[in-house]
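Novice: The structure that follows is given in the form of structure tokens.
The values are calculated or read from the model by the stated rules, or taken from the named source; none is laboratory data. This is a predicted model, so every value here is computed, not measured. As a convention, Cβ positions derive from the backbone with ideal geometry for all residues, glycine included, and neighbour counts pool all protein chains shown.
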Number of protein chains: 2
Amino acid sequence: MVGVSFPRSRGLYPLDPSMQDDASIRAPFSVSFEHRVFFTRGAFEPANSLLADCLDPTRDLADAVGGAAAEARVAFVLDAGLVNKRPSLPDEAVAYAEAHEAVRLAHPPMVVPGGEIAKNEPTILQSVLQMIETSHLCRRSYLIAVGGGALLDLAGYAASIAHRGIRLVRLPSTTLAQDDSGVGVKNGINAFGKKNFLGAFAVPHAVINDADLLATLSARDWRSGFSEAVKVALVKDAGFFEQIERAAASIAERDAEAAQLIIRRSAELHLRHITEGGDPFELTEARPLDFGHWSAHKLEQLSGYELRHGEAVAIGVALDSVYSSLAGDLTAPEADRVLAVLRALGFELDHPLLDDPRLLDGLEEFREHLGGGLTISLLNSIGDARDAHEIDPAVVRLAIERLRGTTRA
Amino acid sequence: MVGVSFPRSRGLYPLDPSMQDDASIRAPFSVSFEHRVFFTRGAFEPANSLLADCLDPTRDLADAVGGAAAEARVAFVLDAGLVNKRPSLPDEAVAYAEAHEAVRLAHPPMVVPGGEIAKNEPTILQSVLQMIETSHLCRRSYLIAVGGGALLDLAGYAASIAHRGIRLVRLPSTTLAQDDSGVGVKNGINAFGKKNFLGAFAVPHAVINDADLLATLSARDWRSGFSEAVKVALVKDAGFFEQIERAAASIAERDAEAAQLIIRRSAELHLRHITEGGDPFELTEARPLDFGHWSAHKLEQLSGYELRHGEAVAIGVALDSVYSSLAGDLTAPEADRVLAVLRALGFELDHPLLDDPRLLDGLEEFREHLGGGLTISLLNSIGDARDAHEIDPAVVRLAIERLRGTTRA
């Protein structure tokens with residue numbers, strides 16, 4: 001959601017007193033946003049007004065021009081993987097719009113493939129854009145995207161470029177999307193064989209985390225979101241790490257209530273990092289929350305995406321925790337606690353690709369991705385991270401040996 | 001150019017005290033930008049350091065990691081129409097980079113078609129994106145676009161979506177791009193037969209208005225930018241309107257010095273509207289600077305784009321000035337001054353399409369484009385505009401008769 005800007009000053013200055021012909025206009029300004037995440041259950045039940053309440057009328061000048069009553073024009077984009085497990089979802093969306101006077105459906109709910117294919121196949125983007133065009137969604141209308149992280153990335157990208165940005169409401173349907181990616185301000189698709197080569201930064205109008213959407217997840221997808229919770233706890237909040245340690249066994253047994261507390265806190269820490277970190281759109285210095293991610297990205301890629309993102313992050317977090325202990329900051333018992341909590345959540349921390357010599361190429365690719373110098377987070381202690389600009393490949397190899405050793409032991 | 005954000009507060013509030021299970025996280029934040037327009041001559045002369053000085057190093061952590069010296073990686077995208085008239089431009093760009101140590105050319109200058117084809121033909125966008133990918137431009141690298149408004153829109157869109165935004169420097173090469181469109185924060189291409197259906201808001205790293213780039217313009221293109229100067233003067237600045245009245249004959253005779261003063265002030269007023277108008281990204285209420293544009297857009301379209309944008313704006317500004325005098329705000333002598341200054345600049349204010357009954361459809365299309373109620377600017381007096389939410393078609397028809405009558409007299 002967005003507010004108004006607060007211009008500060010402007011002026012006409014000569015660029016250089018010695019250059020009579022040159023001048024410049026410099027105009028500083030700022031734009032205010034509000035990033036909102038709501039937590040609920042049964043978001044599509046007609047009696048739950050949260051989704052409808054999140055929407056502002058598409059035409060709020062309706063009175064001034066004597067037009068129709070204020071209403072929000074919306075179109076749903078649903079993840080086919082989710083609809084496959086909950087076939088009633090398109091009808092639920094239609095019924096929800098019918099039950100709420102202020103919600104006007106501009107198009108029948110659209111079901112598109114989720115997962116990485118959504119980001120790899122340009123015709124899927126094209127079909128969402130075509131739907132936006134056909135249904136005359138304008139900059140004050142809403143695209144409501146319901147699905148996993150890839151579907152949300154795709155739909156969010158379509159929303160951010162159509163008419164230079166229509167409003168987006170996200171309902172993430174995986175633990176990973178609810179506690180991390182779906183809470184962010186990024187979207188994108190893959191192009192030229194590069195992940196997220198095309199995309200934009202855009203603050204969603206609202207994010208709605210519906211705990212009931214997690215009910216149909218497979219065991220792997222259920223687990224996958226919690227490695228990002230461990231990651232954000234390790235770099236930000238020792239108390240939260242202890243909370244995850246206490247909840248890990250219950251989460252592994254699919255205790256929805258225990259999971260909700262962890263998801264909520266993880267979402268909050270991720271959101272705060274974006275909004276309070278000093279550079280939400282990563283315009284100056286890239287400081288993403290990516291402890292453990294240099295190797296995770298590479299492992300995903302080397303596995304041909306057989307490894308889920310959350311599974312690769314679990315391995316990457318374990319590796320950089322062991323590295324942190326070898327580099328002298330984190331204590332060995334602390335590193336052991338990291339490995340233990342990840343295993344308690346059900347993650348496998350061993351993988352043959354850890355021995356692949358190409359793994360270390362991930363460091364240079366990570367630097368290229370950041371676009372500046374190499375910056376990697378390492379742990380001083382649980383809950384406290386620091387930036388490192390050099391990583392010793394020999395120590396990485398030693399950390400891999402230790403990690404594989406403890407795994408085999 | 002961008003700065004850091006200034007987070008204000010955050011908190012965890014219950015959404016509604018009666019709903020124990022629901023909660024929300026709301027995080028307000030803001031992002032600071034600086035919008036900069038520089039004025040120069042001979043921007044590609046090796047001795048002119050302005051362009052090089054605008055660029056920050058792509059790797060400013062170079063020292064920290066013991067890497068290469070700080071330098072900016074850049075790629076040029078040049079308008080084929082401009083290169084056609086100034087065939088040395090690609091070589092000049094290469095020589096400029098060679099003359100400035102801090103400027104590292106990442107790819108040979110790319111020449112792409114300018115004009116509306118740049119925005120209509122998806123393969124042109126694709127070729128620019130492919131070049132960005134091939135040359136490994138990152139988020140801290142620069143795309144330097146040199147050309148007319150359409151080329152700048154295309155290149156700016158490619159820059160805004162590649163890697164979720166690489167840095168863009170614009171060197172507009174038409175009067176229209178230098179005094180209006182090139183100074184803005186919008187970019188985009190056409191899709192599904194709709195103008196600017198895809199695009200983004202993005203603040204360029206810098207805009208450089210090089211007066212010498214205007215030397216090769218045709219008479220029509222030279223003239224075309226000044227109707228937007230008249231427009232912004234009419235709604236913002238009576239003194240500037242008088243300045244244009246005094247300069248009009250000289251501009252029509254292609255006096256570069258007289259033109260520069262008008263271009264500079266027009267650019268400044270357009271820029272200030274964006275940065276001080278309260279909604280630079282048009283996120284809440286669309287308040288574009290589009291006096292006279294509802295009919296201009298429609299005339300362009302009905303003419304099959306035979307009418308240049310600036311020519312259509314001249315007619316549209318004339319029409320809405322006459323309408324403003326008929327609606328009782330502007331005086332008839334003031335409206336006559338508007339017609340006189342546009343004619344003195346060389347604009348033809350009569351056009352057979354003014355009698356086309358489809359012209360009035362432009363009002364509804366304009367409302368749809370804004371996405372809310374209809375808001376049209378009308379003049380209280382020269383230099384002072386107000387919003388109108390209703391336009392009387394009978395009075396529009398009367399205004400057309402008057403305009404065509406004065407034109408024929």
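Novice: Criterion first (within 14 Å of chain A (Cβ to nearest Cβ), in contact (Cβ under 8 Å) with a residue 12 or more places away in the chain and part of a loop (DSSP other than H, G, I, E, B)) does B:ARG164 satisfy it?
Specialist: Taking the combined requirement at face value, the residue satisfies it.
Novice: Look at the range A:292-332 and say how many of its residues are closer than 17 Å to A:LEU398 by Cα and out of contact with any helix residue (DSSP H, G or I) (no Cβ under 9 Å at 6 or more places or on another chain).
Specialist: Total satisfying the criteria: 2.
Novice: Can you say whether B:PRO333 is under 25 Å from B:SER250 (Cα atoms) and without any contact (Cβ under 8 Å) to a residue 40 or more places away in the chain, as far as the supplied structure shows?
Specialist: So B:PRO333 fits the description; yes.
Novice: Let me ask something else about it. Looking at (1) farther than 15 Å from A:GLY383 by Cα; (2) among the basic types (Lys, Arg); (3) modelled with pLDDT of 95 or more, find the lone condition where A:LYS194 falls short.
Specialist: (3)
Novice: Tell me, which helices (runs of 4 or more DSSP H) wholly within the range A:1-118 include 2 or more residues that are modelled with pLDDT of 55 or more and facing chain B (nearest Cβ under 7 Å)?
Specialist: none
Novice: Return the residue satisfying two criteria in turn: it lies in the range B:375-404 and is more than 22 Å from the chain's Cα centre (by Cα) and in a loop (DSSP other than H, G, I, E, B), and of such residues it is surrounded by the fewest Cβ atoms within 10 Å (Cβ to Cβ).
Specialist: The selected residue is B:GLU390.
Novice: Moving on to the next point. Looking at B:GLY182 and the list (1) part of a helix (DSSP H, G or I); (2) surrounded by fewer than 19 Cβ atoms within 10 Å (Cβ to Cβ); (3) not assigned by TED's automatic domain parsing to the domain that holds B:PHE291; (4) not acidic (Asp, Glu), which single condition is not satisfied?
Specialist: B:GLY182 satisfies all of (1) part of a helix (DSSP H, G or I); (2) surrounded by fewer than 19 Cβ atoms within 10 Å (Cβ to Cβ); (3) not assigned by TED's automatic domain parsing to the domain that holds B:PHE291; (4) not acidic (Asp, Glu) except (2).
Novice: Among the residues of the range B:311-330, count how many are within 19 Å of B:ALA259 (Cα to Cα) and either without any contact (Cβ under 8 Å) to a residue 60 or more places away in the chain or among the aliphatic types (A, V, I, L, M) (or both).
Specialist: Number of matching residues: 2.
Novice: Does the range B:141-161 include one or more residues that are in contact (Cβ under 8 Å) with a residue 24 or more places away in the chain, surrounded by fewer than 24 Cβ atoms within 10 Å (Cβ to Cβ) and within 9 Å of chain A (Cβ to nearest Cβ)?
Specialist: no
Novice: Can you confirm whether A:LEU403 is under 21 Å from A:GLU300 (Cα atoms), modelled with pLDDT of 90 or more and away from chain B (no Cβ under 14 Å)?
Specialist: Yes.
Novice: So if I check each of A:ALA335, A:ALA312, A:ALA318, A:ALA340, which one is surrounded by fewer than 24 Cβ atoms within 10 Å (Cβ to Cβ), of a type in the set (Gly, Ala, Ser) and part of a helix (DSSP H, G or I)?
Specialist: Among A:ALA335, A:ALA312, A:ALA318, A:ALA340, only A:ALA340 is surrounded by fewer than 24 Cβ atoms within 10 Å (Cβ to Cβ), of a type in the set (Gly, Ala, Ser) and part of a helix (DSSP H, G or I).
Novice: Just one of the numbered conditions (1) touching a residue at least 60 places away in the same chain (Cβ under 8 Å); (2) outside the structural domain of B:GLY149 (by TED's automatic domain parsing) is not true of B:GLU242; which one?
Specialist: Failed condition: (1).
Novice: What's the number of the only condition in (1) crowded, with 23+ Cβ neighbours inside 10 Å; (2) of a type in the set (A, V, I, L, M, F, W, C); (3) at pLDDT below 95; (4) within 23 Å of A:GLY115 (Cα to Cα) that A:ILE274 fails to meet?
Specialist: (4)
Novice: A follow-up question, please. Looking at the range A:143-154, can you tell me whether even one residue there is modelled with pLDDT of 95 or more and over 15 Å from the mean Cα position of the chain (by Cα)?
Specialist: Scanning the range A:143-154 turns up at least one residue that is modelled with pLDDT of 95 or more and over 15 Å from the mean Cα position of the chain (by Cα).
Novice: Pairs under 6 Å by beta carbon, first residue within 23 Å of B:ASN190 (Cβ to Cβ) and not assigned by TED's automatic domain parsing to the domain that holds B:ASP56 in the range B:200-227, partner among the acidic types (Asp, Glu) and in a helix (DSSP H, G or I), six or more apart or different chains?
Specialist: Note: pairs meeting the criteria are B:GLY225/B:ASP179.
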